[in-house]
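The values are calculated or read from the model by the stated rules, or taken from the named source; none is laboratory data. Here the structure is a predicted model, which means the values were calculated and not measured. Here the Cβ positions follow ideal geometry from the backbone for every residue, glycine too, while neighbour counts run over all protein chains shown. What goes into the accessible areas is simple: the full protein's heavy atoms, side chains included, and nothing from ligands, DNA or RNA. Shrake-Rupley method; radii C 1.70, N 1.55, O 1.52, S 1.80 Å.
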Amino acid sequence: MARVSQEHLDARRRQILDGAALCFARNGFHATSMQDVLKEVDLSAGAVYRYFSGKEELIGAIVTEVLDEIRDTFEAAARQRPIPPPDVLMGSVMNKILNMKPGLMHEGQSVFPRLVVQVWTETLRNEDLSRVINEGYVKVRAAWVKVVEGYQDAGMMRADVPPESVARIMIALAQGFAAQMALFGAVPVEVLREGFRGLMSMGEPGSRS
């Protein structure tokens with residue numbers, strides 16, 4: 001019997017992960033059954049269980065993948081040289097996050113933000129996944145502290161505010177924007193850029209006292 005290539009195995013695993021992610025984004029991790037996943041990916045139970053022992057392992061794989069991809073995006077943005085202005089940097093990060101999984105569409109809209117919120121929720125009940133998100137957050141925060149220090153050295157941000165505090169808020173803005181999209185629907189990333197630009201301008205000439 002001919003051996004199945006690694007490419008085929010990887011593609012089938014990807015098919016299962018993407019189909020399951022779409023199910024989970026629509027209905028949540030725990031309201032989705034394995035039958036729902038099988039129907040979405042159009043595969044037999046045996047084909048799916050060859051790759052994943054059950055729903056918990058499938059959830060763990062998706063959560064870990066999403067967290068790793070988001071962490072890599074934040075870290076890559078922090079390595080840009082020269083560092084773009086804060087509003088441009090934030091917009092770039094959010095664009096990349098929202099376009100990570102273009103196949104996650106439901107009724108014409110990306111449901112990736114909904115999957116991200118599901119992922120965050122799952123880390124609250126699973127200690128292993130909580131460790132993954134906490135370790136990733138420490139790395140992202142450290143990278144963005146260096147970004148803020150670069151802004152301060154260039155005179156683009158006040159130097160009397162701890163870089164750690166600014167880095168936390170910049171990350172929180174991106175997280176909060178994703179949460180808004182999950183709850184209230186799609187919003188152009190330009191809104192994030194404009195809002196951040198407005199906050200950065202407080203106290204400058206032309207802003208209201």
(request) Express the relative contact order of the chain as a whole percentage, based on alpha carbon pairs under 8 Å and six or more residues apart in sequence. (result) 23 percent
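When the expected Rg is taken as 2.2 N^0.38 Å, what fraction or multiple of it is the alpha-carbon Rg of the chain? Each step should come with its number before you reach the end.
Working: Rg = 19.9 Å, N = 209, 2.2 N^0.38 = 16.8 Å.
Normalised Cα radius of gyration, the chain: 1.19.
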(message) If you filter the stretch 81-140 for trypsin sites (Lys or Arg not before Pro), then keep DSSP loop positions with at most 13 other Cβ within 10 Å, what is left?
(response) Arg125
(request) Would you please put 65-72, 186-193, 151-158 in order of how densely packed they are, using the mean number of other Cβ atoms within 10 angstrom per residue and starting with the highest? (result) 65-72, 186-193, 151-158
(message) Net charge within 11 Å of Asp87 by Cβ-Cβ distance, Lys/Arg positive one each and Asp/Glu negative one each, not counting Asp87 itself?
(response) 0
(request) Among the aspartates and glutamates, select those whose C-alpha is under 14 Å from the C-alpha of Lys96, and discard any that sit fewer than 8 residues away in the same chain. (result) Asp68, Glu69, Asp72, Glu75, Glu190
(request) Would you calculate, for the chain, the mean residue ellipticity at 222 nm contributed by helices, counting each DSSP H stretch of 4 or more residues as -39,500 (n - 2.57) and dividing by all residues, to the nearest 500? (result) -23000 deg cm²/dmol
(message) Explain nothing, just the number: relative contact order of the stretch 10-110, from Cα pairs under 8 Å at least 6 residues apart, as a whole percent.
(response) 28 percent
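Could you please tell me the mean projected area of the C-alpha convex hull for the stretch 34-107, averaged over all directions and given in square nanometres to one decimal? Walk me through the numbers before you get to the answer.
On the way: hull surface 26.4 nm².
Computed as one quarter of the Cα hull surface, the answer is 6.6 nm².
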(request) Rounded to the nearest 10 degrees, what's the angle between the helix 112-123 long axis and the longest principal axis of the chain, both from Cα atoms, 0 to 90? (result) 80 degrees
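With a 1.4 Å probe and all protein chains left in place, how much of the accessible area of the chain comes from carbon and sulfur atoms, in whole percent? Walk me through the intermediate numbers first.
Details: 6300 of 11870 Å².
The nonpolar share, carbon plus sulfur, comes to 53 percent.
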(message) Rounding to the nearest 10 and keeping the result within 0 to 90°, find how far the Cα-based axis of helix 163-184 lies from the longest principal axis of the chain.
(response) 50 degrees
(request) Check cross-link reach from Lys55 to the lysines: straight Cα distance under 24 Å, and skip same-chain residues fewer than eight apart. (result) Lys39, Lys101
(request) Roll a 1.4 Å probe over the protein chains and send me the accessible area per residue for the chain in Å². (result) 57 Å²
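Sorted by accessible area with a 1.4 angstrom probe, largest first, how do Met200, Met181 fall?
Descending order: Met200, Met181.
I'd like to compare 170-179, 101-110: which one has the highest average count of other Cβ atoms within 10 Å, and what's the full order after that? Walk me through the numbers on the way to the answer.
On the way: 170-179: 17.6, 101-110: 12.6.
Final packing ranking: 170-179, 101-110.
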(request) Provide the descending list of Cα extents for the stretch 88-208 along its principal axes, expressed in whole angstroms. (result) 44, 34, 21
(message) Using only the alpha-carbon atoms, how far is helix 127-153 inclined from the longest principal axis of the chain? Give it as 0 to 90 degrees, nearest 10.
(response) 30 degrees
(message) Quick check on the stretch 97-150: take the gyration tensor over C-alpha atoms, sort the square-rooted eigenvalues as a ≥ b ≥ c, and tell me if it's rounded (a/c under 1.5), prolate or oblate.
(response) oblate
